[in-house]
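What follows is a set of notes on a single structure, which appears directly below.
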Amino acid sequence: MSFRRALGPFDATMVVVGGIIGSGIFINPHLVAQRLSSGTAVLAAWIVGGAIALAGAFAFAELATLFPRAGGEYVYLREAYHPLVAFLFGWASLLMIQGGGLAAVAIAFAEYALRLTGRSPSGATMLAVVSIAVVAAINVLGVKPGSRLLNVLVILKLAALAILIGGGLLLSRPAAASPAAVSAGGAGFAAFGAALVPIFFTYGGWQSVNLVSEETRDPKRTLPIALMAGIAIVIAVYLLANMVYLLVLSRPGLAATATPAAEAVRQIFGAGSDRLISAAIAISAFGFLDLTLLAQTRIYYAMGKDGVFFPSLGTLHPRFQTPAVAILLQAAWGIVLVLTGTYGELVDSVVFGDAIFFALTVAGILIFRRRFPVEKREPGTFRSPLYPVLPVLFVAATVGIVASTIASNPRRSAFGAALLAVGVPFYFWFTRRNRSQAPGSHLTEEP
């Protein structure tokens with residue numbers, strides 16, 4: 001049984017946009033403003049961050065045309081290096097990166113939803129559990145229902161940002177910088193690099209569309225279009241949003257508030273209007289839940305199919321043609337983390353690991369260019385432009401972010417490394433256990 005190819009270019013583009021735009025753009029700009037000394041430097045940092053994301057997207061677009069298979073990054077790491085490297089990526093995704101993110105964002109959604117409805121925050125845990133269960137059920141029923149829900153949520157969050165941007169550009173008056181502002185910001189390469197760390201994570205998530213390659217119509221054409229269009233939309237939205245923050249709040253004012261979107265809306269539209277941002281954050285959080293169970297679960301499907309994890313994960317539902325077991329596993333683990341409250345430690349400990357796998361994946365382009373020379377590929381196959389400059393710059397930027405993460409929190413980075421190391425014996429145990437069921441060689445034919 002194979003996946004149902006139900007996603008078109010619009011659906012795939014919404015996966016890209018939905019994977020990137022979360023709560024970060026409503027909150028993280030104040031961190032960037034704290035680390036830089038001028039509004040010009042702030043906007044320049046967001047432009048550079050967008051360029052880094054675009055360079056990574058170019059590489060992932062080329063990888064998608066080489067290996068248009070479910071699992072995305074897992075498949076690329078397996079083919080470029082060794083199945084163990086791919087397994088550790090999937091292990092980290094399930095237990096920490098996606099599992100912890102699913103739990104944390106479910107709690108955020110529940111808290112904002114209860115705040116909007118005037119309910120007691122004491123019910124946040126139960127609402128978070130219910131939200132994960134509901135989104136899991138929708139995605140088990142088919143990739144199209146999950147995609148339609150995501151499309152609606154992405155359009156709603158873009159509408160909220162459009163109101164913020166339009167109101168800021170048309171209705172606001174420029175803010176005067178306060179001489180008593182608490183943050184003077186920094187200058188120089190070190191300050192600029194520190195500002196790129198929250199920007200990098202705010203731009204993250206565009207790779208989600210590669211995970212659903214086998215559920216996309218004509219993926220070799222659709223995925224590059226979706227990646228380029230989605231990144232372009234997000235760069236434009238992020239730059240315009242930051243222009244509004246700087247216009248309405250000033251650079252020192254932006255640095256001084258941990259809730260810049262709410263403060264900007266309040267100044268533009270008056271008291272009470274900041275509920276719009278609370279609604280937008282709740283919508284963004286719910287969209288992340290949907291995207292995690294729609295796309296990221298295909299990693300575990302690929303692992304199960306390869307025989308390096310539970311074999312049942314590599315099967316599709318006989319009626320809905322979805323990796324139902326993988327969806328339910330990720331949902332169940334997310335619920336466990338919600339109930340135990342351990343997701344914060346896990347997420348903080350493995351942030352650096354996510355960046356490491358990013359760097360390894362894009363570095364795989366250098367390997368595949370030698371293994372599959374471009375002159376031997378099908379005519380019209382997408383190629384990352386400015387090769388090898390863009391892939392090398394992306395890898396260098398990502399390695400720098402890993403170093404910054406380790407330097408800022410060595411204890412949790414070490415804990416994350418230990419959790420990854422625990423996956424090594426599990427890999428060998430699963431491969432031995434599933435050896436009789438493992439598929440044959442997954443060497444790839446030349447494109």
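The values are calculated or read from the model by the stated rules, or taken from the named source; none is laboratory data. Bear in mind the structure is a predicted one, so any value in this text is a computation, not a measurement. So basically every Cβ, Gly included, is an ideal-geometry build from the backbone, and we count neighbours across all protein chains shown.
Among residues of the stretch 408-426 that are farther than 13 Å from residue 85 by Cα, those with a beta-carbon under 6 Å from a residue that is acidic (Asp, Glu) and in a helix (DSSP H, G or I) at least six positions away or on a different chain give the pairs 412/348. The set of residues from the stretch 304-326 being farther than 27 Å from residue 432 by Cβ and in contact (Cβ under 8 Å) with a residue 40 or more places away in the chain comprises 317, 318, 320, 321, 322. Listed residues 61, 33, 86; which is surrounded by 20 or more Cβ atoms within 10 Å (Cβ to Cβ) and within 30 Å of residue 251 (Cβ to Cβ)? That would be 33, the only listed residue that is surrounded by 20 or more Cβ atoms within 10 Å (Cβ to Cβ) and within 30 Å of residue 251 (Cβ to Cβ).
Let's see how each residue does on (1) crowded, with 20+ Cβ neighbours inside 10 Å; (2) touching a residue at least 12 places away in the same chain (Cβ under 8 Å); (3) more than 15 Å from the chain's Cα centre (by Cα); (4) more than 19 Å from residue 29 (Cα to Cα):
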residue	(1), (2), (3), (4)
201	no, yes, no, no
215	yes, yes, yes, yes
220	no, yes, yes, yes
241	yes, yes, yes, no
244	yes, yes, yes, no
249	yes, yes, yes, no
252	yes, yes, yes, no
259	no, yes, yes, no
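Only one entry of 60, 26 meets the criterion of being under 22 Å from the mean Cα position of the chain (by Cα), over 20 Å from residue 161 (Cα atoms) and outside any loop (DSSP other than H, G, I, E, B), and that entry is 60.
Filter the stretch 89-135 for residues that are of a type outside the set (A, V, I, L, M, F, W, C) and either under 15 Å from the mean Cα position of the chain (by Cα) or modelled with pLDDT of 90 or more (or both); which is surrounded by the fewest Cβ atoms within 10 Å (Cβ to Cβ)? Please lay out each step first, then the result.
Keep residues of the stretch 89-135 that are of a type outside the set (A, V, I, L, M, F, W, C), which gives 90, 93, 98-101, 111-112, 115, 117-123, 125, 131.
Of the ones still in play, those that are also either under 15 Å from the mean Cα position of the chain (by Cα) or modelled with pLDDT of 90 or more (or both) are 90, 93, 98-101, 125, 131.
Working: 90: 30, 93: 26, 98: 25, 99: 27, 100: 26, 101: 23, 125: 16, 131: 24.
Filtering first and then ranking leaves 125.
Within the stretch 16-30, the residues that satisfy the criterion of being buried (at least 24 other Cβ atoms within 10 Å of the Cβ) and in contact with a Gly (Cβ under 9 Å, 6 or more places away or on another chain) are 16, 17, 18, 19, 20, 21, 22. Just one of the numbered conditions (1) within 20 Å of the chain's Cα centre (by Cα); (2) over 27 Å from residue 400 (Cβ atoms) is not true of residue 16: (2). Of all residues in the stretch 139-154, exactly one satisfies the criterion of being surrounded by fewer than 17 Cβ atoms within 10 Å (Cβ to Cβ), part of a helix (DSSP H, G or I) and either in contact (Cβ under 8 Å) with a residue 40 or more places away in the chain or at positive phi (or both), namely 144. Applying a threshold of 7 Å to beta carbon distances and a minimum spacing of six or more residues, or different chains, the list of pairs starting in the stretch 1-15 at a residue that is buried (at least 24 other Cβ atoms within 10 Å of the Cβ) and ending at one that is part of a loop (DSSP other than H, G, I, E, B) and among the β-branched types (Val, Ile, Thr) reads 7/212; 15/212.
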